[in-house]
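The values are calculated or read from the model by the stated rules, or taken from the named source; none is laboratory data. Because the structure is a prediction, the values reported are computed rather than measured. Every residue, glycine among them, receives a Cβ derived from its backbone with ideal geometry; neighbour counts consider all protein chains shown. Areas reflect the complete protein model, heavy atoms only, side chains present, ligands, DNA and RNA absent. Shrake-Rupley method; radii C 1.70, N 1.55, O 1.52, S 1.80 Å.
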Amino acid sequence: MERGRAYATATGFDVEDHQVDLYYYFKDSTRREGILAEYEDFVGLEWEEFTRFIRTRWLCLEKCCDKELKKYPALRSMFQSRTGESS
């Protein structure tokens, strides 16, 4: 846990909060999930739901981050193409 706080202090970015935000950003909107699924298909990825980050589960953060990194090409394309749009 100490490494996580040190990372957040150094970068101004909390990975745990990011994982929670990412999960709920897509979970709360089937429209956003559908758009991401199209981008995943476009870049050759198979659709897979995000894993919900739970602070008390051992190794949960690693699993969540791994899944996000696998989806990174689709996420990047989606957010770059939607810049300036309201959701």
| query | With Cβ to Cβ distances under 9 Å as the rule, what net charge do the other residues near residue 67 carry (K, R +1; D, E -1)? | reply | -1
| Tell me, what is the percent relative contact order of the chain, built from C-alpha pairs under 8 Å that lie six or more residues apart? | 26
| task | Keeping all protein chains in place, calculate the accessible area per residue for the chain (probe 1.4 angstrom), answer in Å². | result | 75
| query | Based on the Cβ-Cβ distance from residue 62 to residue 83, what FRET efficiency comes out when R0 is 25 Å, to the nearest 0.05? | reply | 0.25
| What fraction of the Cα pairs in the chain, stated in percent, has a spacing above 19 angstrom? | 43
| field | C-alpha long axis of helix 30-42 to longest principal axis of the chain, angle in ° | value | 80
| request: Could you look at the chain and say what percent of its accessible area is carbon and sulfur, using a 1.4 Å probe and all protein chains? | output: 51
| note | Taking Cα atoms, the helix 60-81 axis meets the longest principal axis of the chain at an angle in degrees (rounded to 10) of 40
| With charges only on Cβ, +1 for K and R and -1 for D and E, what is the dipole size of the chain about its Cα centre, in debye, rounded to 20? | 200
